[in-house]
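The values are calculated or read from the model by the stated rules, or taken from the named source; none is laboratory data. It should be emphasised that the depicted structure is a prediction, and the values quoted were computed from it without experimental measurement. Glycine also receives a Cβ, built like all others from the backbone with ideal geometry; neighbour counts cover every protein chain displayed. For accessibility, only protein heavy atoms count, side chains too; no ligands or nucleic acids. Shrake-Rupley method; radii C 1.70, N 1.55, O 1.52, S 1.80 Å.
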Amino acid sequence: MSSTPSPLNLVNVTLEYPDGDETIKALDAVNLTVQAGQMISLVGPSGSGKSSLLAAAATLVRPTHGLVIIDGTDATGLRDKDLTALRRENIGIIFQQPNLLASLTAVEQLIIGDHLRGKPLKAARAKATELLDIVGLSSSADKRPHQLSGGQRQRVNIARALMGHPKVLLVDEPTAALDHERSDSIVRLLRRVTDDFMVATVMVTHDTEFVPLTDSVATMRDGKLTVPVLTTV
Ligand code: ADP
Ligand code: MG
């Protein structure tokens with residue numbers, strides 16, 4: 001029986017970093033499946049492995065053991081070149097600090113990736129304009145980062161992550177630099193784009209207040225992940 005593959009599927013993922021003569025197990029046999037349109041909160045103490053999980057899911061690091069399956073393709077079996085293509089076509093990454101280029105306007109931040117990949121500029125501009133509208137920044141398209149608030153910069157970051165039509169959205173503490181009201185609107189925006197674009201979203205958060213906006217909460221401790229069993233009512 002064939003069915004649509006999950007956008008994100010981590011199978012028994014272990015990630016070790018060398019630490020002098022020893023190794024640190026940043027991830028210890030982690031299993032996680034996220035479906036299209038599902039948003040998972042990832043919580044746990046500092047150093048428990050949350051960012052490592054995102055890095056492995058983003059295919060930015062290769063796990064020591066286990067499989068990272070993106071939309072049915074095992075990323076751990078790919079050569080670097082194919083891995084880059086898989087990542088570009090499937091994964092949107094949003095880190096805590098928006099990392100925008102100081103000299104570019106909001107719309108240019110979105111277009112530059114497509115432009116560097118040789119895609120037609122007109123189509124990229126149309127897509128960027130639409131995404132800025134979706135994140136509530138249609139009137140700020142021509143502003144540079146220093147003319148935007150922290151919340152607006154994070155919105156540009158989110159819009160930029162959506163430019164490649166990702167199936168998976170990986171978000172690391174998106175509200176760490178924001179006050180409460182702006183944090184709330186950023187998490188609500190992430191919820192909305194998860195639903196509207198049917199992406200599989202994993203959001204690391206230290207703020208359990210936002211957990212109810214997500215479908216379930218996974219907890220990391222010493223590299224081990226606990227995922228609640230989702231029951232249907
Ligand atoms: P969290 O995001 O939950 O704070 P991390 O994933 O950043 O946790 O870190 C998990 C563990 O892996 C920690 O012990 C950390 O020191 C270690 N670690 C993370 N990245 C590296 C790295 N690049 N090299 C060596 N150790 C690392
Ligand atoms: Mg972290």
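A few points about this structure:
- Diffusion constant of region 46-198 at 25 °C, which comes from Stokes-Einstein with the Kirkwood Cα-pair radius and 0.890 mPa s, µm²/s: 151
- Distance in nm between pseudo-label sites at GLU209 and LEU67 (7 Å out along the Cβ direction from Cα): 4.1
- Inter-label distance, nm, simple model (7 Å from Cα along the C-beta direction), ARG188/ILE24: 3.8
- Here the Karplus relation 6.51 cos²θ - 1.76 cosθ + 1.60, evaluated at θ = phi - 60°, turns the backbone of region 57-64 into coupling constants of 5, 7, 6, 8, 10, 8, x, 5 Hz, with x for every Gly and Pro.
- In Hz, Karplus ³J(HN,Hα) per residue of region 180-192 (6.51, -1.76, 1.60; θ = phi - 60°; x = Gly, Pro): 4, 5, 5, 4, 4, 6, 5, 5, 4, 5, 5, 4, 5
- Between ASN12 and SER46, the C-beta separation translates, for a Förster distance of 25 Å, into a calculated FRET efficiency of about 0.50.
- Residue-averaged 222 nm ellipticity for the chain, from DSSP H runs of 4+ at -39500 (n - 2.57), nearest 500: -10000 deg cm²/dmol
- For the set LYS50/LYS143; LYS81/LYS167; LYS81/LYS143; LYS50/LYS119; LYS119/LYS167, the pairs lying more than 26 angstrom apart at their alpha carbons are LYS50/LYS143; LYS81/LYS143; LYS50/LYS119.
- GNM remark for the chain: springs join alpha carbons under 10 Å apart, and the peak mean-square fluctuation among LEU116, LEU104, LEU60 falls on LEU116.
- Taking each residue as 0.36 nm, the span from MET198 to ALA102 lengthens on full extension beyond its C-alpha to C-alpha distance by 31.4 nm.
- The distance between label points at THR4 and ARG221 comes to 3.5 nm (points 7 Å beyond Cα on the Cα→Cβ vector).
- Rounded to 5, the percent of DSSP beta bridges in region 8-230 classed as antiparallel: 55
- Each residue of region 7-23 was assigned a 3J(HN,Hα) from its phi angle through the Karplus curve 6.51 cos²θ - 1.76 cosθ + 1.60 (θ = phi - 60°); the sequence is x, 9, 9, 9, 10, 6, 7, 10, 10, 10, 10, x, 9, x, 7, 10, 10 Hz, with glycine and proline shown as x.
- Alpha-carbon centroids, region 205-226 and region 1-20: separation in whole Å: 18
- Residue of ALA36, ALA123, ALA176 that the Gaussian network model of the chain assigns the largest fluctuation, springs spanning Cα pairs under 10 Å: ALA123
- Mean separation of Cα contacts under 8 Å, 6 or more apart, over the residue count of the chain: relative contact order %: 30
- Rounded, prolate or oblate (a/c below 1.5 giving rounded, otherwise prolate when a/b exceeds b/c) for region 119-209 by Cα gyration tensor: oblate
- Efficiency of FRET from Cβ geometry, LEU116 and ASP74, R₀ 35 Å, rounded to 0.05: 0.80
- Accessible carbon and sulfur surface of the chain relative to its total accessible area, %, 1.4 Å: 50
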